[in-house]
Structure formats: structure tokens, C-alpha cells
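Note sheet for the following structure.
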Amino acid sequence: MERRQPELTSAAAALRPTTRQATPPVYQLRGVSKTYARRNVHALDDIDLQLAKGSFSAVIGSSGCGKSTLLKIMAGLVPPTRGSVVLAGKPVTGPRRDIGMMFQQATLFPWRTTIENIVLPIEIRDGRKAARARHDAASQLLELVGLNGFEHVYPNELSGGMAQRAAICRMLITEPAVLLLDEPFSALDELTREFMNMELQRICIDQEATAFLVTHSIQEAVILSDLVYVMSPRPGRIVEAVSIDLPRPRTLEMLSTAHFGAIVQAIRDRLDKEAFL
Amino acid sequence: MNQVELAQAPSEATADTVWIEQVSWIDSIPRSVAMIGLFVAFVALWQFLTLLDVISPIILPTPLEVAYDLTVVGTNLLTGQYMLGALWITIKEVIYGFALALAIGFSLGVIVGETAFGERAVLPYLVAIDTMPKIAFAPLFVAWLGFDIASKVALAAFIATFPIVVGTAAGLHAADDNARMLFKTMGAGRWQTLVKMKLPTGLPHLFTGLKIASVGVMAGAITGEFLGGGKGFGELIRISASQLNTPRVFSLILYLSLVGLALFALVTWTQRRFVFWHRAEVRAAADG
């Protein structure tokens, strides 16, 4: 099969080689394809992408374009059919402690206090004693996300936004090399969601985190990311990598600027074109 | 609309709007008053029916006769006479039966809920056995285990096992996809996923099964005594009934129901202690 290179906008093309030179990619996918033989579904086709250290990238596409599959492959939950998946110099062959993940639902367990929920990944991997030793680190993370004082509160008493903040702490406690975010705030109301996106930016800058966001909101992808990958369905492939040249830190005011609107419109045009082909 | 417009908008509702919610008088009675009132009404109706002389006193004793017999049986129990020994035998049957059902039911529930083999191969047989009238097995248990308490324990456990299997298996299926995915990403093994996530998530289901079992185990023990003799409380009931001593039958049943109630209360209390988060969730769902 002919190997398709993702088209790049002039801005992205200009930016990518320089970022590649400045900082080596933390996460690199080359020619990743996924076919579900049993259902005969070609979910992903020849995906190339790389996440530079400390960068924020997003992938956007209509539902069913394979972005969930892509994320599962990157999380080590599903093996690719073809291609190489390399995180921090080592191929991803299963779940790893240097991969942090966050979902649409906070999924805190109601029989554990907030802090016990946060150290759960440590407890699973290193046991109860190691988890208790990390309580101080967990408290610091709670402070980082603005939840100080909620250590011993049960999740029932947290609001949706607070629960997602706790989920951020649980993701960060293992000090992962990459953060995989699967529509993390899409279950929240619009106002909370915008606010949490800004919080996420602040936390990522503070932690110098390398983040990868899956979303179906163009605005969300643009306001958070340095690079937005546009995906088209059947088979899922990256049709464009758009670099976002808005200055950091991003603010909610930028949402109403003409430049922001133009970027969003350009991505929407690209998506529409692909969706109805 | 801006603020100036809001301020200048003519205000039609000057008086406070008072909204009176209509509550039927019968729903506004306090719980304790309602319960006691219903009990008094029931006893009064019962007394009235027996005084009418349409029903033979042998078939239906008056509430007063039953109340008197309650004191007789109560005295017998409190002074540690033969009835206390009989009650103790029945209590032992219930406790052993419940413990046995819990051990077997929980183990089978984990096999059915956790393994594909259990769900494919074991579950169909369990469903088939569950649909049988289990009380009909009593004579077999007596034949196998004799007239002592073992046969009653077996029948009680036999009846109580199935709701526990169902509760455990349903509980293990209660965890949602997000929780399963989260545990996978954390690199949790099967055992960790079971112990740290699936079992705690399923506890409310397990306790529902335990409550049904606590009722069934009582029925099993008494049925076993009816059909297999012995020296338990069920035997006392059977003898009293054969002597047409209906007030005694009534009072024995009432004392026996206290045992069943105590077991049910113990399960409920344990549930509140161990599943402390669940009530809060139900309340939150009701509010939301």
C-alpha cells in the first residue's frame, strides 16, 4: 500500500523540524495500523505522530474515526497490527507506569478517600506500604489542583469538577512521561469545562508535562494544543497536523479573537471535507 | 437585556408568592403513630371478628388468648426451660445453614461471575437447580443425614445458597468499563482487580443476596424440622398444631420471627458498616 505522509500546513511544516531538533520526541508512532480481523474493521491506517517533550498535542475527528483505538494503542491496552510505538526510547508492549491516563469519567472509588484514590496506582504496582509513603506527594498534588484539605473526604462529596481534579492527581502520582487524556472534561458543564481546560494548561506547564488529548471539540483542541492532528475516518488516518501559534499561556479571552476563530474554521473545513468524502 | 432595562421593568408580582403544597392527611402522620395505629386497628378488627362468633376459636384464637400465651412461652424461654433448648437448636440450624450458604454461595458466585467457564458451564446447572422446588429435597436430606440437625442445616443452606450466588455474580459484573480500563492502565492483575475493585463495587449486590438468603434460611430450617422431626422450635409448632393449640402456634411463630428479624437486622447492620458509601450515593441520585 502506498505510504501516505500527513499533509502539513506551512506553519506546521516550518515548526516541526525545529521542534524535532530542539527536543527529542518523548512519544513516537511510526506507521501504526490497526485492523480488527474478527469484525474486518480497518480502524487505523499508517499513523505517524510524535510528541515533543513538554508539548501539548490533540487529535480531533468525528466519532468512529479511530481516535479511541489510537489512544488505547498508545496506552498499551491494545497491540497495533503494524508499526512501531516507542515511549521514552522503549517500545510500548503493555500498560506502563510512565503512562498516565484520564477518562471522561473521574472513576474514583467511593470506598476510598480522595487521597487513597490518588495513591491507588502506587498501591497496585508497589503495594500498600509504598502507597502510604506517597501520601505527602499526593497532598502536594492536591494543592497543585486546588483541592487542599480534601485528602480525607470521600468522593461522594466532591462535585464533578473536583472529582476530575482528583483524577488528575491520580494520573500524576506515578510521575508519568506522557499524559493521555480521553475527553477528560466532556462530562462537565460548559463553564466548568472551559475553566478546567485552563487549569489543565496551568498544571501541564507546572509539571512540564507531555500531553496528548483526544477530543471532538475543535475549540478545546485549539485552545490547549501546540499541535492539532486532524483525523478522518474509515480507515482512521491523520490528514493534517495543524500547529497552533497562539501565545502561551492561553486565556479564555483568546476564544473570542479573530485569529482563534480562523484556526477553528480552517480545521472545521478540513474535517467537513473528510467526513463527507 | 441589560441591567437598566431590568431595573425599569414594571414589577407585577409585588407580594411574595406563597406556594402551599397539598399533602394528604394520611401521608402527614408520623411514622411511629402510623405504625402503632395500624397495629391497634388490626388487633381490634381481629378481636371483633372472634367476638362475632362466626369463626371457631380453635381455628382463630382471640388476640387476648395469644397475648396470654406469649407470656407463658416467654416465661418458659426466660427461665431456661425446654423451649429455650428447642429455640437454641433452631438458632444453631439457622446460623450453620447461613454460614454454609455464604461459603458455598460466595465461592460459586465468584466462579460464575469471574470465569468464562463458570458462566458457560456452571451457571446453567445452577439456574436449573434453582427452578426446582427446593423444599421437595427435604426427605432426601433426612435420608442422607438423619433426623439430627445436619439435615435441617443442609436444607436451610440449600435454599439460601442461590440468592448469594446470584448476588455475588451480579456484583462482580457491576463494575463499569471505565473502572476496568483504569485498572488495566494501572497494570493491575486479575486478583488485584477482583479484590480492590470488583468485589467492593459488588458489595451492595452481595448484601441484597444475603438479605434474601437470611429469609430463606429460616424457612429452610423450619421446613426441615416439620418434615424431619428433631427437637427444634419447628417441632414444637408442629406438636402444638396437632393438639389444636392455636394460641401456642401463634406465639411460637412470633418468637421465631424475632430470630429471623435478628438475622435480617444483623445483615443490614453489617451492610451499613461495610457499604457506607452506598446510601449516600442513593441519596445523591434521589436529590439529583
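Given (1) among the β-branched types (Val, Ile, Thr); (2) assigned to a helix (DSSP H, G or I); (3) within 13 Å of chain B (Cβ to nearest Cβ), identify the lone condition not met by residue A:115.
Answer for residue A:115: the failing condition is (3).
Suppose we filter the range A:114-138 for residues that are of a type in the set (Gly, Ala, Ser) and in contact (Cβ under 8 Å) with a residue 24 or more places away in the chain; how many remain?
The qualifying residues number 2.
Quick check on the range B:153-161. Is at least one of its residues more than 14 Å from chain A (Cβ to nearest Cβ), in contact with a helix residue (DSSP H, G or I) (Cβ under 8 Å, 6 or more places away or on another chain) and not in a helix (DSSP H, G or I)?
For the range B:153-161, residues more than 14 Å from chain A (Cβ to nearest Cβ), in contact with a helix residue (DSSP H, G or I) (Cβ under 8 Å, 6 or more places away or on another chain) and not in a helix (DSSP H, G or I): absent.
Residues that are in contact (Cβ under 8 Å) with a residue 60 or more places away in the chain, buried (at least 18 other Cβ atoms within 10 Å of the Cβ) and in contact with a Gly (Cβ under 6 Å, 6 or more places away or on another chain), at least 3 per element: which helices (runs of 4 or more DSSP H) completely within the range B:180-261 meet that?
Of the helices (runs of 4 or more DSSP H) lying wholly inside the range B:180-261, those with at least 3 residues that are in contact (Cβ under 8 Å) with a residue 60 or more places away in the chain, buried (at least 18 other Cβ atoms within 10 Å of the Cβ) and in contact with a Gly (Cβ under 6 Å, 6 or more places away or on another chain) span B:199-228.
Quick grid of which residues meet (1) within 21 Å of the chain's Cα centre (by Cα); (2) over 26 Å from residue B:242 (Cα atoms); (3) polar (S, T, N, Q):
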{"residue": "B:71", "(1), (2), (3)": "no, no, yes"}
{"residue": "B:82", "(1), (2), (3)": "no, no, no"}
{"residue": "B:114", "(1), (2), (3)": "no, yes, no"}
{"residue": "B:122", "(1), (2), (3)": "no, yes, no"}
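Here's a check for you: in the range A:73-95, which residue that is in contact with a Gly (Cβ under 6 Å, 6 or more places away or on another chain) and assigned to a loop (DSSP other than H, G, I, E, B) is farthest from the other protein chains (Cβ to nearest Cβ)?
Restricting to residues being in contact with a Gly (Cβ under 6 Å, 6 or more places away or on another chain) and assigned to a loop (DSSP other than H, G, I, E, B), the top hit is A:92.
Residues of the range A:216-235 being part of a strand (DSSP E or B) and out of contact with any Ser or Thr (no Cβ under 7 Å at 6 or more places or on another chain), which ones?
A:228, A:230, A:231, A:232
Hey, among A:184, A:155, which residue is modelled with pLDDT under 90, within 13 Å of chain B (Cβ to nearest Cβ) and surrounded by 21 or more Cβ atoms within 10 Å (Cβ to Cβ)?
A:184
So is residue A:121 more than 21 Å from residue A:46 (Cα to Cα), buried (at least 19 other Cβ atoms within 10 Å of the Cβ), at pLDDT 90 or above and facing another protein chain (nearest Cβ under 9 Å) or not?
In short, yes.
Which condition number does residue A:107 fail, the rest of (1) among the hydroxyl-bearing types (Ser, Thr, Tyr); (2) within 19 Å of the chain's Cα centre (by Cα); (3) away from every other protein chain (no Cβ under 12 Å) being met?
Against the list (1) among the hydroxyl-bearing types (Ser, Thr, Tyr); (2) within 19 Å of the chain's Cα centre (by Cα); (3) away from every other protein chain (no Cβ under 12 Å), residue A:107 comes up short only on (3).
Condition first: part of a loop (DSSP other than H, G, I, E, B) and of a type in the set (A, V, I, L, M). Now tell me which residues in the range B:57-87 satisfy that.
B:58, B:59, B:60
The values are calculated or read from the model by the stated rules, or taken from the named source; none is laboratory data. None of the values given here were measured: they were computed from a predicted structure. Counting neighbours? That spans all protein chains shown, and the Cβs are built from the backbone with ideal geometry, glycine included.
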